[in-house]
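Structure first, then comments.
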Amino acid sequence: TALRSQYVSATAAEAATAAHAPAGEESALALLKTSKSIACPWHRAVSILLQRAWLNFWRQPRLAWARCGQIIVYALILVPVYAPLGRSQASVTSRIGLLYQALGVLFAATLNNLAIFPAERDVLLREAGNGLYRLVPFFLAYTLVEVLLEGLTALAASLIIVQSTGLLSGAGPQLAFAAVLFGCLFNGESIGIMLNSATTNPGFSVNIINAFCATLQVLAGFMATSLPWPLDALNHLSPQMYACRVLAASQFPPDLTFDFDPASATHLRNGTDVLDMLGLSGKGGVLQNLGGLAACCVAYRTLSFFVLQHRVRRDARM
């Protein structure tokens, strides 16, 4: 890359000059140490890292597939399983099941991270160790590329699921569904960054990620309708709880009615009855829970930055 070429050329020139100095090797080593402490300006580093990221995507289509393809395929698989959703009593459980499965993109995002981030992490550790740039430019460039691709992916996947299955497809529910998918993808990436920064063993990462994401999804609210107070308190730190409440509030409004079925053991008349059954009545509206989901996005990404920073500093001392 241009960044590496500029740095290597400058370092080589300084080392060559130092080699002819009276102090010989000691002068060369001193200059090398000094050059490593002069990193590329952050704005220049971000620009070059963004250029390299897009060049890698063009050269390696599998990276685009890892970022976007799996989520789109997952959405396409959900459509024939649940479509078409009607207004019968049985359709209520189908709607809940579809919304529950939509939260599974959190785990898919951690797998996306496992396919991409370890290679990026290794390059970061090598180049940051050589003093080419600091962590902040890398993290900013990585996040900018990720946000763009995940935003497009979440929008496409939400359109496929909502418009093809029979969920409420107005502008409000559609945008809320897309926002939830984006939040799940973003937080899944953050979880992946944390675990893949802490360990280099992909098998161990997958095991921990699988258990962690499964726990978050079960506790979200669609399956576990009441929790002991310690778990309920911890659940407020989970982005999945807010994502669940956004989907429930947007897809089960009071004016959504269901048909009466004499053969059914339950009779849920409207969306309010469904929220009461799930224990989600009075848990905040769509905007309030979207705010909680956004706060989790910021908190999880900030935590992932500090975990990665610790890894970079630890490797620099080795």
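Here are the numbers for this structure:
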item: Unique match (being of a type outside the set (D, E), out of contact with any Asp or Glu (no Cβ under 7 Å at 6 or more places or on another chain) and without any contact (Cβ under 8 Å) to a residue 60 or more places away in the chain) among T272, T266; result: T272
item: Which listed residue is out of contact with any His (no Cβ under 6 Å at 6 or more places or on another chain) and at pLDDT 90 or above, from D273, D232; result: D273
item: Enumeration of residues in region 123-150 that are open to solvent by less than 30 Å² (accessible area, probe 1.4 Å) and small (G, A, S); result: A128, G131, A141
item: Residue under evaluation C184, criteria (1) surrounded by fewer than 24 Cβ atoms within 10 Å (Cβ to Cβ); (2) in contact (Cβ under 8 Å) with a residue 24 or more places away in the chain, criterion not met; result: (1)
item: Filter result for A83 (in contact with a Gly (Cβ under 8 Å, 6 or more places away or on another chain) and surrounded by fewer than 17 Cβ atoms within 10 Å (Cβ to Cβ)); result: yes
item: Members of region 19-56 that are modelled with pLDDT of 80 or more and of a type in the set (A, V, I, L, M, F, W, C); result: A45, V46, I48, L49, L50, A53, W54, L55
item: Test for V246: is it of a type in the set (V, I, T) and open to solvent by less than 50 Å² (accessible area, probe 1.4 Å); result: yes
item: Residue match in region 61-73 (condition: in contact with a Pro (Cβ under 8 Å, 6 or more places away or on another chain) and over 30 Å from D276 (Cα atoms)); result: no
item: Search result, residues across region 121-141 that are β-branched (V, I, T) and touching a residue at least 12 places away in the same chain (Cβ under 8 Å); result: V136
item: Which listed residue, of V298, V274, is within 16 Å of the chain's Cα centre (by Cα) and either assigned to a helix (DSSP H, G or I) or under 29 Å from Q89 (Cβ atoms) (or both); result: V298
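One line per residue, one yes/no per condition, for (1) small (G, A, S); (2) modelled with pLDDT under 95:
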| residue | (1), (2) |
| --- | --- |
| I116 | no, yes |
| V123 | no, yes |
| L132 | no, yes |
| P137 | no, yes |
| A141 | yes, yes |
| E146 | no, yes |
| V180 | no, no |
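The values are calculated or read from the model by the stated rules, or taken from the named source; none is laboratory data. No experiment lies behind these values; they were computed from the predicted model shown. Neighbour counts are summed over all protein chains in view; Cβ atoms, including those assigned to glycine, are modelled from backbone coordinates with ideal geometry. Surface areas here come from the heavy atoms of the whole protein model, side chains and all, with no ligands, DNA or RNA. Shrake-Rupley method; radii C 1.70, N 1.55, O 1.52, S 1.80 Å.
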